[in-house]
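The values are calculated or read from the model by the stated rules, or taken from the named source; none is laboratory data. Keep in mind that this is a model prediction, so the values were computed, not measured. Note: ideal-geometry Cβ built from the backbone for every residue, glycine included; neighbour counts use all protein chains shown. For the accessible areas, the whole protein counts, side chains as well, though only heavy atoms, and no ligand, DNA or RNA atoms are used. Shrake-Rupley method; radii C 1.70, N 1.55, O 1.52, S 1.80 Å.
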Amino acid sequence: MVEPTPVPASSVPVLVYLHALGSSHRAADELAARFGDSFETLAVDLPGFGSAAHLGAATVDEMAGFVIDRIADRAPTRWLLVGHSMGGKIATIVASRVLDGTAPLFGLAGVVLLAASPPAPEPMDEERRDEMLDWVTGAAISHDDARTFVDANVGAALPARSDALALGDVTVSSPEAWSAWLERGSLEDWSSNVGTLDMPALIVSGGADGDLGAEAQRELNGPVYPSARFETLAGAGHLLPWERPAEVAALVTTFADSVALAGPEVPAATAALIASSRTSSRTRGILARRALADDPAYQPAVLTPGALHTLRAIADRVVPQQHPAIDLAARLDAQLDRGDGDGWRNAELPADPEAYARALEGLDGFADLDADEQDARLRELAEARFAPVGARLSASHLASWFEDARADLVRLWLAHPASLARVGFDGFATGGDGPRKTGFRILSAGTREPWEPGAGPSRVGLAAPTARHAPTARNAPTAPHPTPTRSITP
């Protein structure tokens, strides 16, 4: 058994907000005011909108790269992506690049979609699309057309300040960016690129929304996020952050506290090392997925609910943890379902799923014992002295199974990036994706490379992420990039 995991110092999670068509970072103002000190809000103006309107049109791919660069500049340790409408499509693409390791980022804990455009082509009434394209035949969208746009996308009139800001954002939007999204970006199909993102997700829709209402969210974004929670705000239209900031903020906070941020936090130095160019893309993606919090509503795929309950109790004694903990039993059940264990089992035991089922059946009632009784039972188990009446495994077989189960539980615990940080292991950072791996130069005991976490005062900065993204197409900016991101403090 290992010692209980100490609780690391918690950092304030960062909420990265991506706005809708014709909007800007200002749509996050009301949300940020309600989050208080719970989140640091990083609201990004996408190319062609808000303070980045002068950048003109960008492709969907360029917008995703633009956002990745903004997040890399901030380098958060734990963060959530919130995407509204157009920003939802970009958020999903960014999330997929974090989880496959191609983005030089780490620490994404979950995604929140607000009336979001899906990675598949966005459904839109063609007459309405044509009408909105007619608005940008001139130098800018007129106030009257902006008025039509806002009124058509709300369930009820906005408060005066929000209404003025929403109208202003529409009128300052780049006509090129506006038409690029309607004619191309919204129609692009990124489904095969994104695939399935099995991660904490919250999908919110407006009950009075049209093309991107509750039904469309379940049909188009639901398959992308199989673990998503769905919420519908009755009477709300499409502009949820403007219309219902208090309710949206409450949903995001509950989702973060109970789901997305419910797992162990990876220390900042280790998170930065995983995001750096010393770690390969493949390894970065594996660690990003392992760091995701476990689903508190996890339903077993192989074990029965009772067997999972027993296995959780055993895991608590074999690998005691403090809150927030890794749900080792759920991860083991998922491993049994995938059939990707360590490739080893005692030859006298049946295949792993059957061995676990029989052993946990024999240990029924273990979870009801007190801690001392549980430890005594596990000693009997390990020493082949436990032979419950009617069990389908002998005492010897149970001992062999318990040896395998201990290895599985410890391996799953150690595979988590927070556990790697705790034991001081950074052997994954061997040099990144290049053909020549820099590896380690210092191999003596008790010493560390300057770049390693915990190297002490002599530690130097990590290599900066190398992937940079910027609009480069025909509408690429000619002026230096502004900084269309900001941290909003209430």
At 1.4 Å probe size, put Thr171, Thr304 in order of accessible surface, largest to smallest. Thr304, Thr171
In the neighbourhood of Arg385 defined by beta carbon distances under 13 Å, the net charge of the other residues (Lys, Arg +1; Asp, Glu -1) is 0
Sort out for me the Cα centre separation of segment 213-292 from segment 94-136, rounded to whole Å. 14
Excluding Ser11 itself, calculate the net charge of residues whose Cβ lies under 13 Å from the Cβ of Ser11, where each Lys or Arg counts +1 and each Asp or Glu counts -1. -1
Could you compute Rg(Cα) / (2.2 N^0.38 Å) for segment 339-386, with N its residue count? 1.33
What is the helix-to-structure angle for 160-172, meaning the angle in degrees between its Cα long axis and the longest Cα principal axis of the chain, kept from 0 to 90 and rounded to the nearest 10? 80
With -39,500 (n - 2.57) per DSSP H segment of 4 or more residues and division by the full residue count of the chain, the 222 nm estimate, nearest 500 deg cm²/dmol, is -11500 deg cm²/dmol
Give me the percent of Cα-Cα pairs in segment 293-396 that sit more than 24 Å apart, rounded to a whole number. 22
Which FRET efficiency value, to the nearest 0.05, do you get for Gln322 and Arg436 by plugging their Cβ-Cβ distance into 1/(1 + (r/R0)^6) with R0 = 30 Å? 0.15
Which value, in debye to the nearest 20, gives the size of the charge dipole of the chain about its Cα centre, when Lys and Arg are +1 and Asp and Glu are -1 at the Cβ? 1880
For Val111, the net charge from surrounding residues (Cβ-Cβ under 15 Å; K, R +1; D, E -1) works out to +1
Exposure of Lys437 as accessible area (Å², to 10), given a probe of 1.4 Å and all protein chains: 100
Column: log10 I(q)/I(0), Debye, Cα scatterers of segment 219-356, q = 0.16 Å⁻¹: -1.10
Counting only protein heavy atoms and leaving out ligands, DNA and RNA, the solvent-accessible surface of Thr430 at a 1.4 Å probe, in Å² to the nearest 10, equals 50
Hull surface divided by four, with the convex hull built on the Cα atoms of segment 349-432: how many nm²? 7.5
Per principal axis, largest first, the Cα atoms of segment 127-284 extend in Å by 51, 34, 30
Quick calc, Thr196 & Ser396: beta-carbon distance into FRET formula, R0 56 Å, rounding 0.05, result 0.85
Rounded to the nearest 20 debye, what is the charge dipole size of segment 229-312 about its Cα centre when +1 sits on each Lys and Arg Cβ and -1 on each Asp and Glu Cβ? 540
Given +1 on the Cβ of Lys and Arg, -1 on the Cβ of Asp and Glu, and no further charges, what dipole in debye does segment 64-142 carry about its Cα centre, rounded to the nearest 20? 600
Please name which of Leu412, Ala325, Gly427 has its Cα lying farthest along the dipole of segment 277-434 towards the positive end, using unit charges on Cβ (Lys, Arg +1; Asp, Glu -1) and the Cα centre as origin. Gly427
Can you tell me the accessible area per residue over segment 47-108, all protein chains present, probe 1.4 angstrom, in square angstrom? 17
Compactness of the chain as Cα Rg over 2.2 N^0.38 Å, two decimals: 1.10
Rg and Dmax in Å for segment 225-304, alpha carbons only: what are they? 17.2, 50
